[in-house]
1. Please report the net charge: other residues with Cβ closer than 13 Å to the Cβ of V421, K and R +1, D and E -1.
2. With a 1.4 Å probe and all protein chains in place, put Y337, Y447 in order of accessible area, largest first.
3. Straight distance only, please: which lysines reach the Cα of K61 with their own Cα at less than 25 Å, same-chain residues fewer than 8 apart left out?
4. Given R₀ = 22 Å, FRET efficiency for A433-L225 by Cβ-Cβ distance, to 0.05?
5. With +1 on the Cβ of every Lys and Arg and -1 on the Cβ of every Asp and Glu, and nothing else charged, how large is the dipole of segment 53-167 about its Cα centre, in debye rounded to the nearest 20?
6. Pick out, in residue order, every one of the trypsin sites (Lys or Arg not before Pro) in segment 387-456 that is DSSP loop and has at most 11 other C-beta atoms within 10 Å; say none if there are none.
7. Could you name the lysines whose alpha carbon sits less than 16 Å from that of K385, not counting residues in the same chain fewer than 8 places away?
8. Between K388 and T252, what is 0.36 nm times their sequence separation minus the Cα-Cα distance? Round to one decimal in nm.
Amino acid sequence: MRSLIKIYLKYIGGIIGLVFFFLIVEMIVTSGIIQKVYDEGSSRYESNIREMGEKVATNGKNQVENPRELEEMARQAGLSFAMILNENGEVIWDYQLPSHLNHDYTVAEVSVLSKWYLDEYPIMTWKQGDDLLVAAYPRDSIWRYNFWQDQGAIHGIFHLITFSFFTFLGLTFLVIILMGYRSYRKVKVFTRAIENLAAGKEVLLSEKGSMGEVARSINQTSDRLKKQMEMLNQRDEARTQWISGVSHDIRTPLSLVLGYSNLLEEKAETDEQIRAEAALIRRESIKIRDLIEDLNLTSKLEYHMQPLRMTQVQPAKILRQVIADILNSVAMDEEKYPFQVVISGEFEKLQTEMDERLMKRVFQNVIGNAVRHNEEGCGIQVEAKCAKDQMVITVTDTGVGIPREICDYINDGGEEPSCHVMGLRIVKQIVNAHQGEIRIEEGHRIYICIPVQNKD
């Protein structure tokens, strides 16, 4: 569920970042456009009036010396009319000046028209010497006003705009967060449903709303997985029962074979050749019996049908008993298999909860493999110690070593190798059932680590 929270936070952060990005871009683009339009407009109008004003030339008789040139410039500038006033406010030159505006102008009238409008015509002026050029553009072609405002009122307006702007941003972000949270709640339901599906749990979602179709698909998947799980459980139970039945059926005739072969082997009057063959039959029958027991046990462990009988035991006692049984076995040659056993004092005193019978099987398989698979003999070292609330048993041999594919299977799992791996697979299943782990290094060293429970 943490990943879903991260997705939600990334979604909110991304939306907020996009909002700020677009606001900044919008402000930059808008300010650039306004600046460009203002610069182009104002510079064009001012340039026209300046050029025309600088061309004004009058003589001492208040007469314009180049009226035709000024008329041409006024026409090219798109003026509605133009006039030149002398220092007394008298019109000494005009271009298309309306008759009702053709009169002398007072200082007050000149002051007004130089800043605003004249008869609703936008006006621009240029002072050239003692003369004043007045240029009028068509009505509604230029928006021209001068503003003034109290400084305190300007600050108040600025604060109001700022407050409104951030209030708008806050409300926008609040809406984004609320909408994102609604989506998060919906996705959370589906995420939890998918997690339950992965865990093998049944899922039943409401199929109403905009996500009803998705919910319906998940519900159908849950039903299908439930049916498949029931079929698999039935198959696994049937397989286990079949293996258990076959094992039971084989055990009785096998016991007879073992008994008769042992009887033939021990009879003094039996021929040596027959005694040797009886011994061979007995040994191979023991192998078949062990294989059947391994097959039955691994089947139950694989399908969790072998309950752990947890009791308080001493692992050191179990380990010593297994080593003693192996050393005392008929087939054991101590010269071919020199043993070295190192048990720490802490491990010697250790008491923990585990299934004694299964743990004995672990030690038998691991140590017994070193003997069974090295017929030419090898050195065997068994070390037992405690480390960080774990008991660690290490079995090392100097024999031919465990094949690489078996090491990979035990260490990393995956596909079971084609070679015989029943004994080590049972070891791994039992160790995993005790929440421990097993690892093989370089084919000659097996580590078994099991957590200590109720350690004294």
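The values are calculated or read from the model by the stated rules, or taken from the named source; none is laboratory data. Just so you know, these numbers come straight off a predicted model, no measurement behind them. With ideal geometry, Cβ positions are generated from the backbone for all residues, glycine too; neighbour counts draw on all protein chains shown. In case anyone asks, the SASA skips ligands and DNA or RNA and just uses the protein heavy atoms, side chains included. Shrake-Rupley method; radii C 1.70, N 1.55, O 1.52, S 1.80 Å.
1. On the way: positive: R404, R425, K428; negative: D294, E405, D408, E415, E416.
Taking every other residue near V421 into account, the sum is -2.
2. On the way: Y337 15, Y447 70 Å².
Solvent-accessible surface, decreasing: Y447, Y337.
3. Reachable lysines: K127.
4. Values: r = 25 Å, r/R0 = 1.15.
With a Förster radius of 22 Å, E is 0.30.
5. Numbers: 8 positive and 16 negative charges, 74 e Å.
So the dipole magnitude of segment 53-167 works out to roughly 360 debye.
6. On the way: sites: K388, R404, R425, K428, R439, R445, K455; in loops: K388, K455.
Sparse-neighbourhood loop trypsin sites (Lys or Arg not before Pro): K388.
7. K317, K349, K455
8. Numbers: separation 136, 0.36 × 136 = 48.96 nm, distance 4.68 nm.
Roughly 44.3 nm would be gained on extension.
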